[in-house]
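Notes to accompany the following structure.
Read-outs: derived from the displayed coordinates by stated rules, not from any lab. This one's a predicted model, so the numbers in the text were calculated from it and none came from an experiment. Cβ coordinates were reconstructed from backbone atoms using ideal geometry, including for glycine residues, and neighbour counts include every protein chain displayed.
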Amino acid sequence: MKALLAIARKELLSFFFAPLAYVVVTTFLVVSGFLFYLFIIALAQPGAYATTPMALFLGGTVFFWLVLIILVPVITMKLGADEFKSGTIETLMTAPISDLEVVLGKYVGAMALYVAAWLPTGLYALVLSAYSDMDVGPVLSGYLGVLLVGTFFVAIGLFTSFVSKHQLVAAIMAFGIFMLLFLFSLFNFFAGQGFWKGVLDYVDLWRIMQDYAKGVIDSRSVLYPVSGAALFLALAYQALQTRRWR
């Protein structure tokens, strides 16, 4: 556990010792703040759709997904690719730590930056609560959805970073997988009834996030991102094992 936390701390500090973390978090907050402002303006118009700004902000529009599928690859692209390219992975793999600790340590460090990027957006909810009656439950469940989807996406980004020696290639691979997952939601929109409709309902991340933003939490909404994260962490572990024996 000490080795895992040491790696996580090293990864998190490496983000903040370089301009990357500041650029990523600042850009994310500027874009998300601007989108939140647009949502408030849009909902203030006569005849606007009956929803809340936080519901739109937390997965209710395509903008949420566009921001997310760009944010996560930027966070994860260097986790393994940079180690392989610079050769520092050899030093890491000869240290008295297991491959699993390496994978989980890097994962925890990336998740810490992901959470750090989202934390300031909680101010949006505080501002709204000061000027209107706000149901806290859907907001909290919406952020739970952001966290769970993040665990899934960061695991994917970690995997692609472990199978590539180039950061840009790792980011593009992660972006491609995210787009594929997003397409399942599009297919589900046009799907009829039957077996495939049930399958697509299970993997429809857009629907899952909309449910979270409404305060609806069921076992499928939790199991899918958690099991997906576990799968890609296992694949990242296998990718690291393969590198070790090359």
What number, in percent, do you get for the relative contact order of the range 2-244 if the mean sequence gap of Cα pairs under 8 Å and at least 6 apart is divided by its residue count?
-> 29
Please report how far the C-alpha centroid of the range 158-180 lies from that of the range 101-152, rounded to the nearest whole angstrom.
-> 23
What ranking of Ile69, Ile41, Ile172 emerges when the number of other C-beta atoms within 10 Å of each C-beta is taken as an exposure proxy, fewest first?
-> Ile41, Ile172, Ile69
Among Asp211, Asp204, Asp133, Asp99, rank each residue by its count of other Cβ atoms within 10 Å, from fewest to most, as a rough exposure measure.
-> Asp133, Asp99, Asp211, Asp204
Charge dipole (the range 2-244, unit charges on Cβ, about Cα centre) - positive-most of Ala21, Gly150, Ser185 | Ala21
Length gain on complete extension for the stretch Phe17 to Val67, per 0.36 nm per residue less the alpha carbon to alpha carbon distance?
-> 15.6 nm
Which peptide among 217-227, 51-61 comes first, and what is the full order, when sorted by highest mean count of other Cβ atoms within 10 Å?
-> 51-61, 217-227
Ser141 neighbourhood, Cβ < 12 Å, K/R = +1, D/E = -1, net charge -2
